[in-house]
1. Can you list the residues, at least 5 places off or on another chain, whose amide H is less than 5 Å from the amide H of residue 188, using H built in the peptide plane?
2. What does the charge add up to near residue 167, with Lys and Arg as +1, Asp and Glu as -1, over the other residues with Cβ less than 15 Å from its Cβ?
3. Could you please report the charge total around residue 320, scoring K, R as +1 and D, E as -1 over all other residues with beta-carbon less than 12 angstrom from its beta-carbon?
4. Give 200/280; 120/140; 200/293; 111/140; 120/154 a once-over and call out the pairs whose C-alpha atoms are over 21 Å from each other.
5. Would you work out if the stretch 103-165 is rounded, prolate or oblate? Take a ≥ b ≥ c from the square roots of the eigenvalues of the alpha-carbon gyration tensor; rounded if a/c is under 1.5, else prolate when a/b is larger than b/c, oblate otherwise.
Amino acid sequence: MFDSDFEDKVFRRRLMKEVAPGIPVHLSFYSPSVKVQVMTDAERLPGANGRYVGNAVTIEFVPDGSAAVERVREYVWRWEEHNDFTAVRKINHTRRGVCPTSVEGTLERVKGVDRRAAAKCAEAVEAAELREMISDGDAKSLARLPGIGEKRAKMIVEFYANERSGRRFLYAANRNDRFRGRPVITEIEADGDLEETVWKHAAEARTLGGPDPINGGEPPGHTTVRDANLINPLPMTPSLMGRGVFYPEQIEHFAETLGRILVDGERIAGVDALRIQRGKIFHTAELPGVGMKTRARVLASGLLDTEYTFENLASIEGVTDAQARVIAEAAREAGEKNRMEVRVP
């Protein structure tokens, strides 16, 4: 009889082995609602650099060191054990346990090449020979391999040509509803004005959001930086976030951070360094007496999370002193907790 508990444990152990320092690990959950449930813990793992990557169900980790690797493994194990509906579905870009440099690993990264076709091909060609065909763009030789064919051969050559091209795109999708509208894609020109490109992209991406109940502006959508294949975000690049209000300084911050990464070659780690935080406290702390209308008023005020003091909150029209005190106290406690976690070795 099929022993699901035993199979699940084998599944998790195999997944754990793929977590390594400095290597991006993508964990995909079953639904956007599950992702929202587990995201807070992911962002708070010290040294793990957990962040949301924009397809409504995926979280990325880039562990700094061995201690962060263990934290990520513990995180995955905890959510796998927690509930049948919070199981991790995939890690990185290939099947669990498949070596990314093998024939199967090389082919399964390409959209449209399934595991069966990759397994057939692996019986007829060595990994080094396959990589040579791909680097030479030899679609004719690839098409003769079992399980590939002419159509898949062209897709493989195009995929790896895009991987080598260095082209970069801004890719915006609605953060919680993948069916809101088609993603907005804007190519970043190497010699173009980066800030102007980001502003143009954000203006188009605003159609992916819903109108705010107080402010007429819409969020700029969720934007990540992707390569020419548009499959996965580049590791540790900034994310342009939008919940319910459109803030121009978000785009300025995003463009400035993007320039530091793409132009200056800087590596920025951690979600706090990658985007402006607004209203995060409403999703990570219990706030008795604070409802959706109060949350909307605070977000529409333009305050950053670091500016949630009693004086600033009490000055917002419609926010009572009691509500301002509750939000300010929660923000202060969250700030102290984050500072303590950062100091953990």
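1. Amide H neighbours of residue 188: 168, 169, 170.
2. Values: positive: 164, 168, 226; negative: 158, 163, 187, 189, 191, 227.
Cβ neighbours under 15 Å give a net charge of -3.
3. +1
4. Numbers: 200/280 26 Å; 120/140 17 Å; 200/293 31 Å; 111/140 19 Å; 120/154 18 Å.
The answer is 200/280; 200/293.
5. Note, shape of the stretch 103-165 comes out rounded.
Only the coordinates and a few stated rules stand behind these numbers; no lab work does. The structure displayed is predicted, hence computed values, not measured ones. Reconstructed Cβ throughout: ideal geometry from the backbone, glycine too, with neighbour counts over all protein chains shown.
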